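Heads up, the thing below is written out as structure tokens.
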Amino acid sequence: MHEYAVTESILEIVKAEVRQAGGGRVSMITVVIGELTSFASESIEFYFETLARGTVAEGAWLEFRPLEAIASCGGCGGSFTPGPRHVLLVCPDCGSAAYDFVQGKEFYIESIEVSA
Amino acid sequence: MKIEVKKNVLQNNDLAAARNRSRLAGKRTAMLNLMAAPGAGKTSAIIKAIEGTRDSRALAVIEGDITSEVDSLAIEALGIPAIQINTGGSCHLTASMIGAALDHLDLDNLDLIIVENVGNLVCPAEFDLGESARVTISSVAEGHDKPLKYPLVFREVDAVVINKTDLMPYCDFDLAFFRDAVERLNPDAHVLRMSCRDGSGSEEWCRWLMNSVV
């Protein structure tokens, strides 16, 4: 449900970028979603179809690039990738449960493809 | 033509949150973002906080709900300023909604603003409001597995309140399991037990607020 607001935000950024680049039609938008966030790409696609109608991004392909979570271990200083089941982790090397995520909370527009 | 964008999708919210944060810091007003599932006891916990801290702290409440003024009327009945935000279907509060609500509060004379987010364990955790502290409430009837199923909110908070402890005898709530899961997700989170119904634990809740938040 919170994807509605997020999709509006994606469109706003895309429209501003296209304006700045001197116009054109958007054919593809690449969005990076960290796996620790709770944004569902299917819902973004669903809202995008409606919200983009009549804009420079109507019909554009949404390319989602998932970004895996990476944790940095406070015990041994190493880092590990917890995979999709990222709850209740311990470091596979030293067994410590003290870790910080250094990647996986990202949610940004990487690039857009524009044709004249 | 490819345009490199590299822009955070939530940038507008994050900017509005930063504005709220610096505005509140300038006024020396703390803001607590209270997030929990519907029915966990957010409003009841706020009422306990008001009762236990109002002698020494000036409070106001911002109520977020999809619709209705039920909660803000309950707070106003206690003589505490309450701003109701009706999101009209949206599942979370945003920083700009909070910014607009702050315009209606006398920030010069407030120590603490408690924000009751929309009842939801998923979406509110993704949106920074500019708060200085975050709390989630889990009621025992929801079950002890909630930290595993909704890890984000449990990772993001400063304190976890286990509410409705008076229902413990009737629910299969494994307190040790719950505490262990929270500890492993967020070792720094303070865990409190409370029953807003019988009042137990509310002193500790108010003490934590006054020591750690405001």
message = Quick check: residue separation of residue B:54 and residue B:145 times 0.36 nm, minus the Cα distance between them. What number comes out in nm?
response = 29.3 nm
request  = Any chance you could give the angle, 0 to 90 degrees and rounded to 10, that helix A:41-51 forms with the longest Cα principal axis of chain A?
outcome  = 20
Within the protein assembly as shown: Cβ-based charge dipole about Cα centre, in debye rounded to nearest 20 (Lys, Arg +1; Asp, Glu -1) = 460
request  = Note every residue of the range A:1-23 with a reduction of at least 30 square angstrom in accessible area, all protein chains present versus the isolated chain, computed with a 1.4 Å probe, or write none.
outcome  = A:1, A:2, A:9, A:13, A:17, A:21
Long-range HN-HN contacts of residue A:27 with modeled amide H, under 5 Å = A:113, A:114, A:115
Dipole of the range B:7-91, positive direction: furthest Cα of B:53, B:77, B:25, with charges on the beta-carbon = B:25
ask   = Amide H of residue B:139: which non-local residues (sequence gap of 5 or more, or other chain) have their own amide H closer than 5 Å, using H built in the peptide plane?
value = B:163
ask   = Taking the Cα centre of each part, how many Å lie between the range B:55-107 and the range A:28-97?
value = 32
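Peptide B:182-190: average number of partner chain Cβ atoms within 10 Å per residue?
Details: counts 0, 2, 7, 4, 0, 4, 0, 0, 0.
Mean partner-chain Cβ count within 10 Å for B:182-190: 2.
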ask   = Over all Cα pairs of the range B:11-213, how is the pair count split among 5 Å bins, expressed in % and running from 0 up to the last occupied bin?
value = 1, 8, 17, 21, 22, 17, 10, 4, 1, 0
task = Hey, can you grab everything whose amide H is under 5 Å from the amide H of residue B:7? Only 5+ residues off in sequence or another chain; H modelled, so Pro and N-termini drop out.
result = A:109
request  = Using only Cα atoms, tell me the angle between helix A:3-20 and the longest principal axis of chain A; keep it within 0 to 90° and round to the nearest 10.
outcome  = 60
query = Expressed as a rounded percentage, what relative contact order does the range B:11-213 have, with Cα pairs under 8 Å and six or more residues apart?
reply = 27
query = For B:27, B:48, what's the largest-to-smallest order of accessible area, 1.4 Å probe?
reply = B:27, B:48
inquiry  = If each residue of separation counts as 0.36 nm, what is the full-extension length gain between residue A:64 and residue A:16 once their alpha-carbon separation is subtracted?
reply    = 15.3 nm
request  = Name the residue, out of B:187, B:81, B:124, whose mean-square fluctuation peaks in a Gaussian network model built on chain B with Cα pairs under 10 Å.
outcome  = B:187
task = Kindly write out, for the range B:142-148 in residue order, the coupling ³J(HN,Hα) from the Karplus curve 6.51 cos²θ - 1.76 cosθ + 1.60 (θ = phi - 60°), rounded to whole Hz, with x marking Gly and Pro.
result = 6, x, 7, 8, 4, x, 6
ask   = How much space per residue, in cubic angstrom, does the convex hull of the C-alpha atoms of the range B:1-104 take up?
value = 134
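The values are calculated or read from the model by the stated rules, or taken from the named source; none is laboratory data. Since this is a predicted model, take the numbers as computed values, not measurements. Please note: Cβ atoms are built from the backbone with ideal geometry, for glycine as well, and neighbour counts cover all protein chains shown. These area figures cover heavy atoms from the full protein model, side chains too; ligands, DNA and RNA do not enter into them. Shrake-Rupley method; radii C 1.70, N 1.55, O 1.52, S 1.80 Å.
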